[in-house]
Each structure stands twice: as C-alpha cells, then as structure tokens.
1. Answer yes or no as to whether Val139 is in contact (Cβ under 8 Å) with a residue 24 or more places away in the chain and either surrounded by 16 or more Cβ atoms within 10 Å (Cβ to Cβ) or part of a loop (DSSP other than H, G, I, E, B) (or both).
2. For Gln147, indicate whether it is at pLDDT below 80, within 20 Å of Gly75 (Cα to Cα) and out of contact with any Lys or Arg (no Cβ under 7 Å at 6 or more places or on another chain).
3. Only residues in region 13-39 that are at pLDDT below 75 count as the first member; pair them with residues that are in a helix (DSSP H, G or I), Cβ under 9 angstrom, at least 6 apart or cross-chain, and list the lot.
4. Based on this model, can you work out whether Leu84 counts as surrounded by 14 or more Cβ atoms within 10 Å (Cβ to Cβ) and at pLDDT below 90?
5. Go through (1) at pLDDT 75 or above; (2) not in a loop (DSSP other than H, G, I, E, B) for Ser74 and report which single condition fails.
6. Can you report the number of residues in region 77-119 which are of a type in the set (Asp, Glu) and either touching a strand residue (DSSP E or B) at 6+ places or on another chain (Cβ under 7 Å) or assigned to a strand (DSSP E or B) (or both)?
Amino acid sequence: MKDNNFFPARGVSIRTMTIILAIACLGLLLTSGCRQQEQVEEVVEQPEEAGFTHNARTSLDYTGTYRGKIPNASGELQETIIELNDDGTVVKTTKQPGQEENSGFETYTAYTWNTQGNVITLNALPPPNSYFVSEGYLVHLDENMSQLNGKISEVDEDYILRKE
C-alpha cells in the first residue's frame, strides 16, 4: 500500500514540507518587518543628525533692507539703513540729521550669527554693532548685547529697524 503523506519524486513527507514552508514564511516575515523598522528609525534620526534647530537664522526670511532711526553718540536720531544679504555680507548706511537724501556714510562688511542664531554682529564696526533678528525687524542692542530693558515689546521704537 502506498503512503499518501509521501512525495515520491523528492522523497520528502508532507509534514516535513509543511514545516520547511512555515519556517521560510516566518523568516521572510521577520526580515521584512526588521527592514521597515530600520527605515522608520532612519527617518526619525535624520533631523538630529542634521542639527536642525528652530531660530531666526534657520526659520525667518531675514535678508533684505531694514530702515529706522537710531540715536547717535550725541543723542540725535540718525537714519540707519541695513541691507542683509544671503551671502553673509551687509551694507550699513547712516545719515546724520539734516543730510540730503542721497548722502550718508556707507559701510560694507560681513555679519556673523551668535550661537543661538538670533543675533547678528556687523564685523569691522565698533560696538554697539549687534542686532536682535525678529520677523520683519531688527532691534539694535547695547554694548552688552542686551535688549535695552530686557523685553522686545518694551524696546523704544528708536532702536528698531523695520524691514522694507
């Protein structure tokens, strides 16, 4: 009598084939699950690897021209225009009270960011030469790089340059 649980061509029983097939499916299932988990972990880790932080430098459209009036050493308001460029350069124009429209003193230099990414310092200019960067305006900081009375909302309008 012939055994129905035997494959004569291969010499392997149905029970053995079922076990082999179950192990193969389990192995395939486990390895495909691990690959998906690795891909998810990579996506989660990418922002940390890139060192992305949310600050004025990375999150605001800060380049452009800012204009306002800042007190000079004698206390008179002088018109100040700062043009920030994408390449890290800046043009600062100052006009003393009573000067003609197309006159003024222009300084071409570079600017650098502080480590927090919210204050720029104009290189090659004597202090105070730092500005707090916010959406649509710059706040001129004192020599200690502090916001005059500690709160942006309370800063005198004479120390704010608005974006054009």
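The values are calculated or read from the model by the stated rules, or taken from the named source; none is laboratory data. Nothing here was measured: the structure is a model prediction, and the numbers come from that model. Cβ placement follows ideal geometry from the backbone for every residue including glycine, while neighbour counts extend to all protein chains displayed.
1. Criteria not met by Val139.
2. Answer is yes for this residue.
3. Close Cβ pairs (under 9 Å, with a partner that is in a helix (DSSP H, G or I)) do not exist here.
4. no
5. Answer for Ser74: the failing condition is (2).
6. 3
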